[in-house]
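Structure record follows, encoded as structure tokens.
Read the figures in this text as sums done on the coordinates, not as results from a lab. Predicted model, so just to flag it, every value in this text is computed and none were measured. Here Cβ is always computed from backbone atoms with ideal geometry, including for glycine, and neighbour counts include all displayed protein chains.
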Amino acid sequence: STLKEQPRLQETIMSATDTKTEITLKGSVDIVSEFFFTAINSILYQRGIYQPETFKRESKYGLTVLTTTDEGLLKYLAQVMAQVESWLLSGDVQRLVVVVSGVDSGETLERWQFNVSLDDDNEQGENQMPNKSDASSGKGGKSHKTMKEIHGEIQAIIRQITASVTFLPLLNEPCSFDLLVYTKKTASVPAKWEDSDPCYIMNSQEVKLRSFTTSVHKVDSMVTYREADEWEL
């Protein structure tokens, strides 16, 4: 099936502002989805999964970020992110994982994991906003945040992804990637999606990255990687 419209991921959701505003569930989904799109692109560029000349520079979150121009990859990401948005709206997404595997060895070399939770720990129905009385009373949700504050938190994560080359082992073989989306068992899953191996890494090291919140969602980030064997050092 073909997508009838392009995803909103590459558009600026709104300009950063100092005005505190209540972010709706839909607004939070847009922020989280755009972050996922940007983070995936940054990982693919920084880890050399795709050739650097296939990326273009864009300004986002007060940073210069790299976005793929590969049509096949863009189509794949658009299809995945459209479904992730749907699952986010229904509260079914638990985590998104970018799996980097060696083409020759078939081994999982890195797992970039982004855990998603509702910031107020309450189930929200589709297209519902957090309960205003709970938010104003301090029950459950956090205080309202500005887009500038949210973008600042996201900027810190993107910077960490960029800096990851300083501590991650070199990828000594051509690599491919897969996207895994963990959902609740009750989630509605399209026929073209299938269950996957979790692609865990034996003898791994884990580095916890920053997190960000929108007052609706919280996203925690981490990367797990295979330790280099002694003879590889």
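With a ≥ b ≥ c the root eigenvalues of the C-alpha gyration tensor of segment 15-91, is it rounded (a/c under 1.5), prolate (a/b larger than b/c) or oblate?
On the way: a/c = 2.98, a/b = 1.42, b/c = 2.09.
Oblate, because a/c is 1.5 or more while a/b does not exceed b/c.
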(message) When a/c reaches 1.5 or more, the comparison of a/b and b/c decides; with that in mind, is segment 143-233 rounded, prolate or oblate per its Cα gyration tensor?
(response) oblate
(request) Given the peptides 44-55, 176-187, 214-225, 27-38, arrange them by the average over their residues of other C-beta atoms within 10 Å, most packed first. (result) 27-38, 214-225, 44-55, 176-187
(request) Using θ = phi - 60° and the Karplus relation 6.51 cos²θ - 1.76 cosθ + 1.60, list the HN-Hα couplings for segment 37-49 in order, rounded to whole Hz, with x at every Gly or Pro. (result) 4, 5, 5, 4, 4, 5, 5, 4, 6, 5, 8, x, 5
(message) Going by amide H atoms built from the backbone, whose H comes under 5 Å of the H on Val65, apart from near neighbours?
(response) Glu58, Ser59, Lys60
(message) Skipping prolines and chain starts, which residues have an amide H placed within reach, meaning under 5 Å, of the one on Leu109, given they are 5 or more residues away or on another chain?
(response) Val100, Ser101, Gly102
(request) Read phi for every residue in segment 169-176 and hand back ³J(HN,Hα) as whole Hz from Karplus 6.51 cos²θ - 1.76 cosθ + 1.60, θ = phi - 60°, with x for Gly and Pro. (result) x, 4, 8, 8, 8, x, 10, 10
(request) Using the structure shown, select from Lys60/Lys145; Lys145/Lys208; Lys26/Lys148; Lys145/Lys184; Lys60/Lys218 the pairs with a Cα to Cα distance greater than 26 angstrom. (result) Lys145/Lys184
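For a quick protection proxy, order the peptides 62-71, 153-162 by their average other-Cβ count within 10 Å, most packed first. Spell out each step's value before the answer.
Numbers: 62-71: 15.3, 153-162: 18.7.
Descending mean neighbour count gives 153-162, 62-71.
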(request) Go through segment 168-231 and name the GluC sites (Glu not before Pro) that are in a DSSP coil and have 12 or fewer other Cβ atoms within 10 Å of their Cβ. (result) Glu194
(request) Pull out a ≥ b ≥ c, the square roots of the eigenvalues of the alpha-carbon gyration tensor of segment 180-233, then state rounded if a/c is under 1.5, prolate if not and a/b is larger than b/c, and oblate in the remaining case. (result) oblate
